[in-house]
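Q: Quick one: the structure is below, questions incoming.
The values are calculated or read from the model by the stated rules, or taken from the named source; none is laboratory data. Keep in mind that this is a model prediction, so the values were computed, not measured. Every residue, glycine among them, receives a Cβ derived from its backbone with ideal geometry; neighbour counts consider all protein chains shown. Areas reflect the complete protein model, heavy atoms only, side chains present, ligands, DNA and RNA absent. Shrake-Rupley method; radii C 1.70, N 1.55, O 1.52, S 1.80 Å.
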Amino acid sequence: MRDEHATTPTDPVAERRTERNARIAVTIFPLLVIAGGLIGFFGSDSISPLGPTIPWGLGVIMFFMGVTLTLPDFTRIAKRPWVVLLGTGSQFIVMPLAGWAIAQVLGLPPALAIGVILVGCAPGGTASNVVTYLAKGDVALSVSITTVSTLLAPLLTPVLTLWLAGSYMDVSASSMMVSIVQTVLLPVIGGVIVRALFSRLIDVLGPILPWLSTVAIGYVVAVVVAGSAGSLLQAGALVLLAVVLHNVVGLALGYLAARAAGLDGAARRALSFEVGLQNSGLASSLAATHFPTEPTAALPGAVFSVWHNVSGAILAAFFARRPLKG
């Protein structure tokens with residue numbers, strides 16, 4: 001989601017059309033993800049053998065993210081380094097520690113605890129850019145933080161996971177780092193290169209790219225759920241409680257961190273979503289890849305994929321109806 005609407009004059013008709021499309025996307029996206037989960041659950045026998053394709057599905061999602069990035073996205077980082085650092089730091093401090101604390105308080109079994117911690121250690125999700133736009137937040141800041149946290153994920157996600165989840169189960173930070181480079185960093189870089197070489201074609205295809213990403217996310221969720229369908233009914237309520245708590249803590253502390261730093265209302269909304277909305281598809285992929293004998297480890301990521309889009313859409317609607325404060 002770009003932020004040109006906030007910085008340059010636009011055709012009112014085109015602006016209304018863009019906002020309408022964004023609202024449709026943020027409404028339909030959770031429904032498509034829920035549909036993916038239901039398909040995976042009820043069709044688990046047929047879909048669970050597709051487990052090895054999860055990293056490929058995630059790679060497609062991250063490639064589409066790279067395709068949406070432009071040079072201004074990176075120049076904005078240089079113009080506001082301390083604000084981007086605040087958001088990225090909050091992302092990689094609040095959510096990992098919150099995931100660990102929630103696992104401790106709820107007494108989660110090791111596999112679920114690792115899944116929740118993995119969600120916390122993942123970078124921000126791209127859905128945060130859309131809901132930040134709908135909430136009338138600072139979209140440029142949102143895009144900048146998502147970009148930086150994604151680029152730092154190959155280093156920070158494995159290290160944080162090893163630190164916080166190592167007591168539950170053996171964690172290979174080095175192999176996890178390789179996985180993230182392969183499924184996140186390289187596809188994003190590939191997308192940026194394709195954007196640079198074929199910018200006109202990408203501009204033409206732009207409207208359908210979010211839907212292709214949504215289909216890929218739905219596919220990943222379906223495969224993840226199919227792989228752990230047998231234990232979903234038993235652990236579903238506990239996983240949902242952990243996910244809701246994790247998401248709410250992230251949304252609240254992200255907002256409060258921005259407020260404590262003296263940022264304006266638009267930036268507060270952006271940081272709330274950046275901290276609270278995770279790349280839970282990556283968490284599910286890492287869990288399925290590195291803990292294949294513990295299928296429930298991928299459940300928190302799959303449930304988070306659905307829940308954070310629902311909560312994000314609701315909070316965006318609430319913010320949009322309230323005036324921005326300086």
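Q: Are any residues in region 42-85 aromatic (Phe, Trp, Tyr) and open to solvent by less than 50 Å² (accessible area, probe 1.4 Å), and if so, which ones?
A: Initially, region 42-85 is screened for residues aromatic (Phe, Trp, Tyr), giving 42, 56, 63-64, 74, 82.
Across region 42-85, the qualifying residue is only 64.
Q: Identify all residues within region 113-133 that are hydrophobic (A, V, I, L, M, F, W, C) and open to solvent by 10 Å² or more (accessible area, probe 1.4 Å); write none if there are none. Walk me through it before giving the result.
A: Filtering region 113-133 down to residues hydrophobic (A, V, I, L, M, F, W, C) leaves 113-114, 116-119, 121-122, 127, 130-131.
127, 130, listed by residue number.
Q: Would you confirm, using the coordinates I've provided, whether residue 167 is without any contact (Cβ under 8 Å) to a residue 40 or more places away in the chain, among the hydroxyl-bearing types (Ser, Thr, Tyr), open to solvent by 10 Å² or more (accessible area, probe 1.4 Å) and assigned to a helix (DSSP H, G or I)?
A: On the way: without any contact (Cβ under 8 Å) to a residue 40 or more places away in the chain: yes; among the hydroxyl-bearing types (Ser, Thr, Tyr): yes; open to solvent by 10 Å² or more (accessible area, probe 1.4 Å): yes; assigned to a helix (DSSP H, G or I): no.
Spelling it out, it is not the case that residue 167 is without any contact (Cβ under 8 Å) to a residue 40 or more places away in the chain, among the hydroxyl-bearing types (Ser, Thr, Tyr), open to solvent by 10 Å² or more (accessible area, probe 1.4 Å) and assigned to a helix (DSSP H, G or I).
Q: Among (1) in contact with a helix residue (DSSP H, G or I) (Cβ under 6 Å, 6 or more places away or on another chain); (2) open to solvent by 30 Å² or more (accessible area, probe 1.4 Å), which single condition is residue 314 missing?
A: (1)
Q: In region 47-71, which residues are touching a residue at least 24 places away in the same chain (Cβ under 8 Å), part of a helix (DSSP H, G or I) and more than 17 Å from the chain's Cα centre (by Cα)?
A: Answer for region 47-71, where residues must be touching a residue at least 24 places away in the same chain (Cβ under 8 Å), part of a helix (DSSP H, G or I) and more than 17 Å from the chain's Cα centre (by Cα): 47, 48, 50, 51, 53.
Q: If you scan region 134-164, which residues turn out to be open to solvent by 40 Å² or more (accessible area, probe 1.4 Å) and either in a helix (DSSP H, G or I) or among the acidic types (Asp, Glu) (or both)? Give the steps one after another, and end with the answer.
A: Applying the first criterion (open to solvent by 40 Å² or more (accessible area, probe 1.4 Å)) to region 134-164 yields 136, 151-152, 155-156, 159, 162-163.
The answer is 151, 152, 155, 156, 159, 162, 163.
Q: Now, a different point. Going through region 257-288 one residue at a time, which ones are over 19 Å from residue 150 (Cα atoms) and open to solvent by 10 Å² or more (accessible area, probe 1.4 Å)?
A: The initial filter retains those residues of region 257-288 that are over 19 Å from residue 150 (Cα atoms), namely 257-269, 288.
Listed by number, the residues that qualify are 257, 259, 260, 261, 262, 263, 264, 266, 268, 269, 288.
Q: Looking at this structure, is residue 188 of a type outside the set (Gly, Ala, Ser), in contact (Cβ under 8 Å) with a residue 40 or more places away in the chain and surrounded by fewer than 20 Cβ atoms within 10 Å (Cβ to Cβ)?
A: Values: of a type outside the set (Gly, Ala, Ser): yes; in contact (Cβ under 8 Å) with a residue 40 or more places away in the chain: yes; surrounded by fewer than 20 Cβ atoms within 10 Å (Cβ to Cβ): no.
For residue 188, the condition - of a type outside the set (Gly, Ala, Ser), in contact (Cβ under 8 Å) with a residue 40 or more places away in the chain and surrounded by fewer than 20 Cβ atoms within 10 Å (Cβ to Cβ) - is not met.
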